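Trainee: Next up is a structure, given as structure tokens.
Just so it is clear, none of the values below were taken in a lab; they were calculated from the coordinates. A quick note: this is a predicted structure, and the numbers were derived from the prediction, not measured. Every residue, glycine among them, receives a Cβ derived from its backbone with ideal geometry; neighbour counts consider all protein chains shown.
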Amino acid sequence: MSADNRSSKRRPVSVDGMIYDHRGQQMAPCIVRNISAKGAQLELMREIVVPQTFMLSLSHDGHVRRSCSKVWQFATVLGVRFSERAALDSGGS
């Protein structure tokens, strides 16, 4: 997808992240390669099947998470759309 078609401008970054499943269990570390207010491009360390919806944490302690939907995935690179609301995890399930 061309950056010109996006409704919010992406900016390049290199930020460590962690993907969590819907139960709050860690699935895989990732690197955020670019980000905007509405989504991001993630790079995985190894190829795994990422679920259609998941949580992404960019904080060191993993307590602040964003709800994401997978838009596309090619091997270890995927594009995600952020949901309208951010999710906070208070440490409990």
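Trainee: Between Leu44, Gly24, Ser83, whose Cα lies farthest towards the positive end of the dipole of region 21-91 when Lys and Arg beta carbons carry +1 and Asp and Glu beta carbons carry -1, centred on the Cα centre?
Mentor: My answer, from the dipole projection, is Ser83.
Trainee: Using only the alpha-carbon atoms of region 11-88 as identical scatterers, what base-10 log of I(q)/I(0) does the Debye formula give at q = 0.11, 0.12, 0.20 Å⁻¹?
Mentor: The computed values of log10 I(q)/I(0) come out as -0.22, -0.26, -0.79.
Trainee: Go through region 27-35 residue by residue and turn each phi into a ³J(HN,Hα) via Karplus (6.51, -1.76, 1.60, θ = phi - 60°); whole Hz please, and just put x for glycine and proline.
Mentor: So the J values, rounded to whole Hz, are 10, 6, x, 8, 10, 7, 9, 8, 8.
Trainee: Which of Asp21, Asp61, Asp16 has the fewest other C-beta atoms within 10 Å, and how do the rest follow up to the most? Mind showing how you got there, number by number?
Mentor: Numbers: Asp21 14, Asp61 8, Asp16 11.
With the fewest neighbours first, Asp21, Asp61, Asp16 line up as Asp61, Asp16, Asp21.
Trainee: Please list 3J(HN,Hα) in residue order for region 9-26, calculated via the Karplus relation 6.51 cos²θ - 1.76 cosθ + 1.60 where θ = phi - 60°; whole Hz, with x for glycine and proline.
Mentor: Calculated HN-Hα couplings, in order: 5, 8, 10, x, 8, 9, 10, 5, x, 9, 9, 10, 7, 5, 8, x, 8, 4 Hz.
Trainee: Once R0 is set to 35 Å, what does the formula 1/(1 + (r/R0)^6) return for the Cβ-Cβ distance between Gln52 and Arg11, expressed as a FRET efficiency to the nearest 0.05?
Mentor: 0.85
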